[in-house]
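Right, one structure below, let's go through it.
Read-outs throughout are calculated quantities, based only on the coordinates presented, and are distinct from any laboratory measurement. Remember, predicted model here, so these are calculated numbers, not experimental data. No Cβ is skipped: glycine too gets one built from the backbone with ideal geometry, and neighbour counts run over all protein chains shown.
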Amino acid sequence: MARRHLLIPLIAFCVALAAPAFAQSRRAEMRGAWMGNGYNRDWPAIMGSLKDNGFNALFPNLCIGAMAYYPSKVLVPAPGGTPGRDELAEAVKAAKQNGVELHLWRINWALWGVPKDTIAKLEAAGRLQRNAKGQLGREDPDVTVDWLCPSNAENRRLEKDAMVEAVRNYDIAGIQFDYMRFPNGNYCYCDNCKSEFQKSAKVTVTRWPEDVQQGGAHYDQWQSWRRGLITSLAIDISEECHRIKPQIFVSLAAWPDLNDAYNSVAQEWPLWVKKGILDFICPMDYTKSKDDLVNNQLPGQLEQVHGAIPLYAGLGAFVMDSPGQLTDQIQATRDSGADGFLAFAYFSGDLHKWLPELHRSVTAADPYPMPHWSPMPQFTFAGPAVGAAKSETPPKTVAAGQQLQVGVTIGPPAAAVSAEERASTEQAAAVLRQAAGGRTPVGGYQPGFPQPSATEETPRISGRIVAESSSGTTLAVMGAFEGEMGVPRTFRVIAPEGPFRIAVYGTAPYGEGKRDFVTRSILLTGVKPPPK
């Protein structure tokens, strides 16, 4: 019996030693967490925990509606702060010390926690949204909180100034839109919306709001106008943030249901991707079910983004019962073709307690470089593997065992290329990843990779291209390259069987120096042809 008691801890010890060998961790991805608001956070401890457990980014919520948790000339102070303490400055300092990217998470429009006297002034000025019954958000059980109206010029100015101020005054890596939308399809029917819509659409609404509701004479124009209010401001803010700080990363916590995003909350985020105003996107895919994530949510989102920018899946750790559920969903995002994940949220649920368990399984590998660091990529696919597969544009399946020809351009296309290089790209059968058919980044260039002047030498890059599994295992090394950014190159590989991506690992100019990058194509599947 004594021997048996000794054997049990010995087995446990051996299993613990073996655990890292069974870990399924992919390098070079976003591993981030959102974090709710609050004062007097122990930022060094938070950032240290993230770093020690393989995470590389934090998105703290320190900027909500009309208030901020840091000194602002645009927003009122959030209540309850410690005099003289700048919560965002403390967070930035600790993030830099631990090599963690800090992206300021801003809640747009919604006035969660904003002081009552501030809300009263906004209401008196007619700046709050109202539903079809004339109710404010706090009077509506489906909304519960007041929202600023996007048609109001002062509110639009506040949103822009708040985000630009943070970018200008703090050394943050990025800033994220959230709630950049309407609460639901029943908003906003305030007097200003009626007036501004009539001017914009050049119509007179005789029955308000019936004529702009579903079935009404002006419904389609109304819906287009609502979406335009949100999209136009997002474009304006992104362009100004990038103008002030070209290396800033602008992102969106995106409404996950594409139909509701378009028809209800008026957040037409696929158009934002095409217009190049986002550097990455984070759909809020909060579900307990891994099957729901991989069957109902991610496929449509990845199809809309189409590889133009990285997609980092937003995972709802707060609705999960165990770290095992989150581990399964992290692996599922990789298998589906996402470029990383953000978990919601640090200190919401038990996520902060689960980090060591995640590190033992899915976050052990080096998370750097992150995909949004890459200059603008373009992939083209051709060759027998494409021709032999089912006809698709772009191809999602290729013929396993056949030669796949991959055209790759890293960075904006060079002004002039040789006839041979041009011919090689014209052979490409389908563009998998390209600008704003594709994407045209602000100013024509990916943030951090400025366009050279006519007298400057074209920036140079170096790296290697591989075919890898969805979990990051190298299946084939396709070649190395070194030369000018924006020059197309062609590589060949025998298409493997099963899911795979083409990945480029390299080094490119960044600011006054250089930085490593990774970029991956959309997910392909190598399929064995049926026997004849």
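List of remarks:
- Reported label for calculated semi-axes √(5λ) of the Cα gyration tensor in Å given [x] 39, 31, 24; [y] 53, 37, 21; [z] 36, 32, 27: [x]
- Distance (nanometres) between label positions extended 7 Å along Cα→Cβ at Ser232 and Thr507: 4.7 nm
- Phi angles across segment 161-171 convert, under the Karplus curve 6.51 cos²θ - 1.76 cosθ + 1.60 with θ = phi - 60°, into 3J(HN,Hα) values of 4, 5, 6, 5, 4, 5, 5, 6, 9, 10, 7 Hz, Gly and Pro given as x.
- Peptides ranked, highest mean first, by Cβ atoms within 10 Å: ranges 334-341, 309-316, 475-482: 309-316, 334-341, 475-482
- Spatially, segment 242-266 and segment 302-371 are offset by 19 Å when compared through their Cα centroids.
- Packing-based order for 72-79, 201-208, 255-262, 55-62, using average beta carbon neighbours within 10 Å, highest first: 55-62, 255-262, 72-79, 201-208
- Net length gained if the chain between Glu139 and Lys288 were fully extended (0.36 nm per residue, minus Cα distance): 50.6 nm
- Annotation: the residues Tyr170, Tyr346, sorted from fewest to most other C-beta atoms within 10 Å of their own C-beta, follow the order Tyr170, Tyr346.
- Legend: ranking of residues Arg157, Arg460, Arg501 from fewest to most surrounding C-beta atoms inside 10 Å; resulting order Arg157, Arg460, Arg501.
- Highest average first, the peptides 264-271, 188-195, 159-166 ordered by how many other beta carbon atoms sit within 10 Å of their residues are 264-271, 159-166, 188-195.
- By the count of neighbouring beta-carbon atoms within 10 Å, fewest first, Thr474, Thr380, Thr458 end up ordered Thr474, Thr458, Thr380.
- Applied to segment 299-309, the Karplus parametrisation 6.51 cos²θ - 1.76 cosθ + 1.60 on θ = phi - 60° returns per-residue 3J(HN,Hα) values of x, x, 5, 5, 5, 5, 6, 6, x, 5, 9 Hz, with x for Gly and Pro.
- Based on DSSP H segments of at least four residues, each scored -39500 (n - 2.57), the chain has a per-residue ellipticity at 222 nm of -9500 deg cm²/dmol.
- Between amide H atoms placed 1.01 Å from N, distances below 5 Å from Ala68 occur with Val76, Ala78, all of them 5 or more places distant or on a separate chain.
- For the chain, the antiparallel share of DSSP beta bridges with both residues in that region comes to about 55%.
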